[in-house]
2 protein chains.
Amino acid sequence: VRYKEIECLINDDYSIVGRREGSEVYLPFSFVGKYFEVEGSIASYDGYERFEWHHSIARIHKPVPYKHNGPFMSFAHYSVENRDRVKYFSGTEGVPISTQWDSQGYFYPIQIAQFGLSHYSKNLTETAPHILVVDDGENRSKWTQEDSSSSTNIVYDSVRHTNVIEFKSPAGKPSYGHGVSVSINERSLPVLSFDLLMFRNSTITVVMQTEESGIVNLHYTSHIEECTHRGSNVFYGIGPTFKWRTITRDLITDLRKGMNYKEKQPKTKRKSRTTKILKIYLQGRGRIDNLTLSSSNHMNQFYDAADWLVRHQDNNGGWPIMVNRVVDSDMEELKANWYSAMAQGQAISTLVRAYEKTKESRYLSSAMKGIKLYQVPSTEGGVQARFMDKYQWYEEYPTNPSSFVLNGFIYSLIGLYDLKSSASQENGREAAHLFQEGIKSLKALLPMFDTGSGSIYDLRHITLGKAPNLARWDYHATHITQLQLIASIDPDPIFQRTLDRWIGYIKGKRAKHN
Amino acid sequence: VRYKEIECLINDDYSIVGRREGSEVYLPFSFVGKYFEVEGSIASYDGYERFEWHHSIARIHKPVPYKHNGPFMSFAHYSVENRDRVKYFSGTEGVPISTQWDSQGYFYPIQIAQFGLSHYSKNLTETAPHILVVDDGENRSKWTQEDSSSSTNIVYDSVRHTNVIEFKSPAGKPSYGHGVSVSINERSLPVLSFDLLMFRNSTITVVMQTEESGIVNLHYTSHIEECTHRGSNVFYGIGPTFKWRTITRDLITDLRKGMNYKEKQPKTKRKSRTTKILKIYLQGRGRIDNLTLSSSNHMNQFYDAADWLVRHQDNNGGWPIMVNRVVDSDMEELKANWYSAMAQGQAISTLVRAYEKTKESRYLSSAMKGIKLYQVPSTEGGVQARFMDKYQWYEEYPTNPSSFVLNGFIYSLIGLYDLKSSASQENGREAAHLFQEGIKSLKALLPMFDTGSGSIYDLRHITLGKAPNLARWDYHATHITQLQLIASIDPDPIFQRTLDRWIGYIKGKRAKHN
Ligand SMILES: [Ca+2]
Ligand SMILES: [Ca+2]
């Protein structure tokens, strides 16, 4: 059959050029893909070329039964470190500083909790890390004096009940040729960790060889919070540290965020990094212990997040969000220091896990305080909305009118579930009640988020009377992952049925029409 | 550029064969059209062939401002006569008998009201009919005696205060060669109408020449309700008619329904029908007046519908639907004699128009009784449901759980609007209140019917927790026509905005995703 060009008139609106072979008409994917928003590209397999059509880019993970002390959803696949909206990791807090909605940067409790939960989950799902103990004070010291007035000593620390390294050197700007140093020459262990006590201002400097920028010095100084960059020097203020404190730094992330350094992604997890850790310097005066380099240090990073949440919870039990936020031009602006049920929920999920691991009551009591705002109406500074005066909903954004964001609500429910599962019946009663009411609302309202070919991000179309705010595919995938979790803890068939349907949408299935 | 075959892998599921030219890939419409449910075909214009892609088959009429005594929506385009689900037109009632949901046939008030409303609307929008007065008793009679014992006389009728034709002939089966007859020989005036009074059983026979079946006799007999067919004879029982009554018959429809006769569609409205009306016979004994043939007789047909509604309204003010109906396998079956808010609404719209035309109070008072069931909960035999205990809704199907069918609800609102617009403030107060509450519900719930690429037929997905029951394109078009009407009587921008969006969906536009 000969093929030839044929005009294709689209909806009486405009024409494109197709191809015709007999009774079959062929349409260019450059039209079809754009018209229906589907993805497609030519892939090559040893010279065999094939066109691959993807209805959506969403990828679904196999569901696993959920436990309040297990991995958090699919967060083991998250890397908060790699997000563009992380300005850098705080030297004083060890947690990310977000630029989402405010380029200045601020501590965004949801991002911090997600950082904690992802490392908690990675710790459970990844193989054990490789660890190089640089010095734990228990062996002969490896430190080199860079100048004659600097020295190290092994001393017994009566607070920590262990031997530690005491260092001293003259004051001065962090630089080579001062203080004490230890050689490393290591490519595969990018996470630095140490316990530190300063007697006066001190600096820990890590010298790194980079492919893109040559030698770079990462300085962890006793300055207050900062992340600055001058020439080949990057400065993180870890703050005056006059009590023992554990500090964990992902050096590659610190390089990347500190000087916009982009390391070429290594082919495998632990091999062939192009960035090499050459040396570590100590300057100033203080004590250090358990100086290690490791392939990962998930639990330290998890506790950085959990401890931040304990320290920064306010009197309402909330983790206020410190930026103004316009969710929709037809809604009132959320004024800085609003609360988010998603932040509360994710913080609680983090704190419950910290409590499960440590049994330290401060984590549990912080989690319990975290549910107070669930009971306060969003019109009175809390996070609780009501759908048609009937179904209570915990708002990711406590907007006026209400927005009923689905994924944030489910995260808030997971927090409640985690708390009720971990706490005693007495301590968990309120969480259990809030959870039950929330699940009731979820069952009633879930179908409203279903378009028959995808899902809707929130219910602002109902409260504002406008177009549905369709969920892009990655949010649709989040909805699915969340429903997998909920289905594993609640047998109501609505969850499994919705799940099956929503997974089908990813491959272009649709609900029936009448 | 060379053109060659290329495998196209669809969603990692299956492969089809496309065509490739350089970096462009062409996909066969036999795949694309089915995958996305879009229509397309090759059209030819004087040899120029073009492929025409139609996102949907829905066609939208231009909106016109709505009036309670004006045309009803786009019903002037309806033809109840042509619907397959009309068994035939009742000889005793002049209205359609439906086979929808019951092949036996029954009087379905919605179909009857739509029959009335479509003729009312046609009467306002079509040009005036052509009318042939066969005999009105005012001129010398044209009747031929077929046998010596049959005769006609012009007499003055003291009930009708006009001259009429009195006919008499021996009793006997309807057939040629008896009674009196008049020759017609007419192709373009298919609607027969006459006023009739029987003194004893009588038959009016219309002899027609058909292309498909030769000579066919349509007999309107004094038998009770029936429509039977023997050879070239079709019998409609118009019932014993011992009081004056106006009878209007669409002869082509009577032929078609009576003997499954399919007349080839004439090219224009009044020309070249292949069916010819040859003769009319009268047998028995009675009086007849205003015997006419016309191109249409919309108002007579409209009054047949309105009068049926007045006669068949029950003590609850309802027009019960006499068949069992399963709306959804997860809902309780509706048992015969359920009420429908759509039936009530469309009946009221019909009755209000009859009242507007005639100012006869029986029409208005029937319409007013028709709203009583709007106030009775669907759980108690009425039609009122509540969405989340908050928004009242008049149910096309008063199911348990509720179904919240959109188009039926809007028809029920239009009925209320018509009544409140026609009645005095006093008489219209309750309708006005029910309308106001309904419009409030419509504004609140309308966004729930919006998928971002089409509309949903009802809210059963919410009440049953399952997939949305997507509206096929012709229901989507009905939603649009109804919203055009509502937007013309309520300035709330939600209606015009929704309308603009829903019209866009017809051409493949979609709501944004986030
Ligand atoms: Ca030690
Ligand atoms: Ca007369």
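Observations, loosely collected:
- Verdict on residue B:389 being charged (D, E, K, R) and touching a helix residue (DSSP H, G or I) at 6+ places or on another chain (Cβ under 6 Å): no
- Test result for residue B:43, within 11 Å of chain A (Cβ to nearest Cβ), outside any helix (DSSP H, G or I) and not basic (Lys, Arg): yes
- Of all residues in the range A:497-514, those satisfying the criterion of being among the basic types (Lys, Arg) and part of a helix (DSSP H, G or I) are A:497, A:501.
- Residue in the range B:341-381 that is farthest from residue B:429 (Cα to Cα), counting only those that are surrounded by fewer than 22 Cβ atoms within 10 Å (Cβ to Cβ) and polar (S, T, N, Q): B:379
- Any hit, the range A:254-263, residues being surrounded by fewer than 16 Cβ atoms within 10 Å (Cβ to Cβ) and modelled with pLDDT under 95: yes
- Which listed residue, of A:113, A:128, is away from ligand 2 (no atom under 16 Å from the Cβ), exposed (fewer than 14 other Cβ atoms within 10 Å of the Cβ), within 28 Å of the chain's Cα centre (by Cα) and not in a strand (DSSP E or B): A:128
- Among the candidates A:134, A:86, the residue that is touching a Phe, Trp or Tyr at 6+ places or on another chain (Cβ under 9 Å), of a type in the set (A, V, I, L, M, F, W, C) and farther than 26 Å from residue A:409 by Cα is uniquely A:134.
- Answer residue from the range B:385-400, given it is part of a strand (DSSP E or B) and either of a type in the set (Gly, Ala, Ser) or free of Cβ contacts under 8 Å to residues at least 40 places away in the same chain (or both) and is nearest to residue A:441 (Cα to Cα) among those: B:386
- Unmet criterion (only one of (1) touching a Phe, Trp or Tyr at 6+ places or on another chain (Cβ under 9 Å); (2) modelled with pLDDT under 95; (3) within 16 Å of ligand 2 (Cβ to nearest atom)) for residue B:99: (3)
- Annotation: of all residues in the range B:452-476 being β-branched (Val, Ile, Thr) and without any contact (Cβ under 8 Å) to a residue 60 or more places away in the chain, the one that is farthest from residue A:458 (Cα to Cα) is B:456.
- From B:55, B:61, B:77, B:119, residue being surrounded by 20 or more Cβ atoms within 10 Å (Cβ to Cβ), away from every other protein chain (no Cβ under 14 Å) and within 35 Å of the chain's Cα centre (by Cα): B:119
- Scanning the range B:157-175 for residues that are away from ligand 2 (no atom under 16 Å from the Cβ), farther than 13 Å from residue B:286 by Cα and either β-branched (Val, Ile, Thr) or surrounded by 15 or more Cβ atoms within 10 Å (Cβ to Cβ) (or both) yields a total of 2.
- Taken over the range A:388-413, residues that are within 14 Å of chain B (Cβ to nearest Cβ) and among the aromatic types (Phe, Trp, Tyr) amount to 4.
- Here residue B:367 clears all of (1) assigned to a helix (DSSP H, G or I); (2) farther than 18 Å from residue B:305 by Cα; (3) free of Cβ contacts under 8 Å to residues at least 60 places away in the same chain except the condition numbered (2).
- Test: residue in the range A:190-211 that is over 25 Å from residue A:149 (Cβ atoms), assigned to a loop (DSSP other than H, G, I, E, B) and small (Gly, Ala, Ser): no
- Criterion applied to A:168, A:142 was being more than 14 Å from chain B (Cβ to nearest Cβ) and away from ligand 1 (no atom under 16 Å from the Cβ), and the one residue passing it is A:168.
- Residue within the range B:439-449 that is touching an Asp or Glu at 6+ places or on another chain (Cβ under 8 Å), surrounded by fewer than 20 Cβ atoms within 10 Å (Cβ to Cβ) and more than 10 Å from chain A (Cβ to nearest Cβ) present: yes
- Residue match in the range B:142-156 (condition: assigned to a loop (DSSP other than H, G, I, E, B), more than 32 Å from the chain's Cα centre (by Cα) and within 13 Å of ligand 2 (Cβ to nearest atom)): no
- Qualifying residue in the range B:393-400 (condition: modelled with pLDDT of 95 or more and surrounded by fewer than 24 Cβ atoms within 10 Å (Cβ to Cβ)): yes
The values are calculated or read from the model by the stated rules, or taken from the named source; none is laboratory data. As the structure is a computational prediction, the values presented were derived from the model and not from experiment. FYI the Cβ positions are ideal-geometry reconstructions off the backbone, even for glycines, and counts take in every protein chain you see.
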